[in-house]
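A short worksheet on the structure shown next.
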Amino acid sequence: MPGNQASAVPQGDIRRRARPESEGDTDQPAATRGRVEKVRRLMWALDSRVEGYRPWEDYKSVYNARWHHVMEVPGGEGTGMEVHEGEPPQSWTYKAVGRTLEKDDGVEPSGAPRLRLMVLTSERAWPHPCRDASTDCYVNCEVDRVWQIVKGDLTELFSSRPEDHFTPHPRLLTGTPGIGKSMAAGSYLLYQLLHYDAELLPVVAYSFCGRKAYVFNKTTETVTRYMDMSMMIKAVKELSRRGMKGYIIYNVGGRLDTPSPFLPPGGWGMLVVATPEKTSYIHWANEKRAVRIIMNCPDESDVKAMCVWKKRNQPPPQQAEYWREVKGRMDKLGPILRYIFYEGSYKYWIAKCHDLVDGTPSWGIQSYSVFGTSKLWEGNKVLEYLARIVRARGERNGESPFNAPITAHLASKTLCKLAQLMTQAEFNLFVSRIRDCLMHANFGKCAMFAFLNVAFMAAIRRKLKELKPPTRRPSHRCAPDVHSQEGPTSHYFLPSAERIGKKTCINHPAAVHTGGREFSAGGR
């Protein structure tokens with residue numbers, strides 16, 4: 001657009017992204033210049049009627065975020081991870097499952113370097129309610145999967161006929177608190193939407209906490225910050241009325257924060273990012289027939305890649321040492337990115353988890369009954385501290401959340417406590433619900449509780465079958481049969497070394513297991 005036209009209209013506080021002289025407006029086709037001018041005048045008209053807007057000057061920072069990626073190299077030095085500049089030559093591959101996607105591991109060649117993490121770095125912080133938000137956005141396959149699903153929705157939207165008035169179903173993204181749904185998935189989705197075809201999708205709105213909202217205008221390369229959600233809603237409704245398409249990323253804030261029934265406007269897509277302990281959005285999701293996306297926790301290799309990125313300027317031995325520290329925290333607390341990278345945050349949260357279990361009263365055992373189910377958290381503190389959300393496939397292959405124990409360490413502590421408070425039938429039911437989550441990583445501890453069960457041992461003795469010795473030596477009766485009236489009848493959970501303040505006396509018929517990996521004991 002000509003320079004005299006740009007200066008003829010008062011700019012107020014809205015500022016255009018700076019362009020090099022080589023990208024003069026006179027090089028634009030006439031149709032493009034006309035479209036840009038039309039959109040700019042529309043936005044000026046909206047801004048003149050809506051009070052309280054302020055500009056946010058980080059459009060360029062988000063749009064021009066720098067790429068790096070971390071590759072897992074078999075046989076590599078130190079952690080076996082390498083950091084590279086730029087986008088990866090090959091991203092992850094997905095396959096359709098139901099109405100969403102799953103990562104397709106079958107296409108990755110065995111023994112070849114494998115992409116583990118992509119990192120997008122904004123020159124300034126990403127839009128986030130936390131003031132000290134990181135400039136780095138971590139993208140693993142779970143985060144990228146969210147974008148691939150949304151991209152499929154946009155493809156369907158823009159391939160439909162105008163007379164169909166097609167609007168995609170809103171999406172509801174949920175998962176374990178603290179794993180990066182807002183900071184990672186929200187920021188990455190914003191970046192990709194800003195790079196989506198501007199003629200098809202000229203507007204992206206990003207809101208959080210039910211208060212602030214940013215409206216990115218890709219045609220004019222401006223961003224406006226609204227300090228009140230009602231003003232943002234007025235703006236996007238007017239844009240929709242005038243035929244402009246857009247997409248809204250809505251981060252649910254407090255427990256009373258509910259998306260407006262006016263969102264999304266006709267022809268717009270929308271993703272609501274929410275944590276399972278907040279249920280204020282459920283009515284909106286049901287009314288809008290929102291389709292769920294369940295985001296799994298990052299796995300061990302993802303977290304290792306993040307550690308390597310954080311220590312990328314240090315030699316491999318120091319990277320490996322940092323990874324060992326973080327892994328030790330993750331083994332006990334889980335892959336909660338909000339807490340595991342810093343010792344102070346970790347100690348604060350793990351202490352709260354231990355205190356919650358230790359302080360469970362007999363009347364509080366009902367809070368544990370939602371483990372092994374898909375029930376909503378609804379303010380259940382037990383789940384907030386001790387559970388993780390796992391993606392399961394429900395009716396018609398739709399995504400469903402499954403409440404699983406967050407770590408074997410905290411699950412063991414929970415089992416010990418509940419064995420004291422529950423009846424045998426209640427305890428057996430609880431173990432049966434979480435057995436699939438625990439057996440692969442916690443088999444020994446589950447077996448211990450089984451051998452403490454009198455009924456279980458009696459059933460075993462009745463069905464014992466003798467295995468004939470391979471040699472001619474005589475056979476003998478097995479220990480459970482010979483010592484049927486003996487053996488441990490109770491248990492004691494020995495905490496890790498850093499939590500032991502004094503010597504502990506344990507009755508000899510008690511079975512002892514530890515919260516750590518190493519255990520040494522002296523005996524008579």
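For this structure, a couple of remarks:
- Looking only at residues of the range 135-168 that are more than 17 Å from Ile248 (Cα to Cα) and of a type in the set (Gly, Ala, Ser), we find that the one that is surrounded by the fewest Cβ atoms within 10 Å (Cβ to Cβ) is Ser159.
- Identity of the residue in the range 286-334, closer than 20 Å to His68 by Cα and among the acidic types (Asp, Glu), that ends up surrounded by the most Cβ atoms within 10 Å (Cβ to Cβ): Asp302
- Test: Leu337 is on the phi < 0 side of the Ramachandran plot and touching a helix residue (DSSP H, G or I) at 6+ places or on another chain (Cβ under 7 Å): no
- Taking the range 75-108 as the range and being over 25 Å from Lys151 (Cβ atoms) and loosely packed, with under 11 Cβ neighbours inside 10 Å as the test, only Gly75 passes.
- Some residue of the range 120-127 being touching a strand residue (DSSP E or B) at 6+ places or on another chain (Cβ under 8 Å), modelled with pLDDT under 85 and among the charged types (D, E, K, R): no
- Helices (runs of 4 or more DSSP H) lying entirely in the range 292-396 (those with 2 or more residues that are more than 22 Å from the chain's Cα centre (by Cα)): 316-333, 343-358
- Residue pairs meeting the criteria (Cβ under 6 Å; at least 6 apart or on separate chains; first at negative phi, in the range 173-197; second among the polar types (S, T, N, Q) and assigned to a loop (DSSP other than H, G, I, E, B)): Pro177/Thr275
- Tally of residues being aromatic (Phe, Trp, Tyr) and modelled with pLDDT under 95 across the range 169-208: 2
- Residue in the range 142-153 that is more than 19 Å from the chain's Cα centre (by Cα) and free of Cβ contacts under 8 Å to residues at least 12 places away in the same chain present: no
- Residues that are exposed (fewer than 14 other Cβ atoms within 10 Å of the Cβ) and more than 17 Å from Arg66 (Cβ to Cβ), drawn from the range 109-129: Pro109, Ser110, Gly111, Ala112, Pro129
- When the residues of the range 246-279 are filtered to those that are polar (S, T, N, Q) and closer than 20 Å to Tyr385 by Cα, the one that is modelled with the highest pLDDT is Thr275.
- Test: residue in the range 223-234 that is part of a loop (DSSP other than H, G, I, E, B) and in the same structural domain as Pro162 (by TED's automatic domain parsing): yes
- Among the residues of the range 364-373, not a single one is polar (S, T, N, Q), within 21 Å of Glu142 (Cα to Cα) and touching a strand residue (DSSP E or B) at 6+ places or on another chain (Cβ under 8 Å).
- Failed item, numbered, when Ser182 is tested on (1) under 21 Å from Val291 (Cα atoms); (2) touching a Gly at 6+ places or on another chain (Cβ under 9 Å); (3) crowded, with 21+ Cβ neighbours inside 10 Å: (2)
The values are calculated or read from the model by the stated rules, or taken from the named source; none is laboratory data. These figures come from a predicted structure and were not determined experimentally. Every residue, glycine among them, receives a Cβ derived from its backbone with ideal geometry; neighbour counts consider all protein chains shown.
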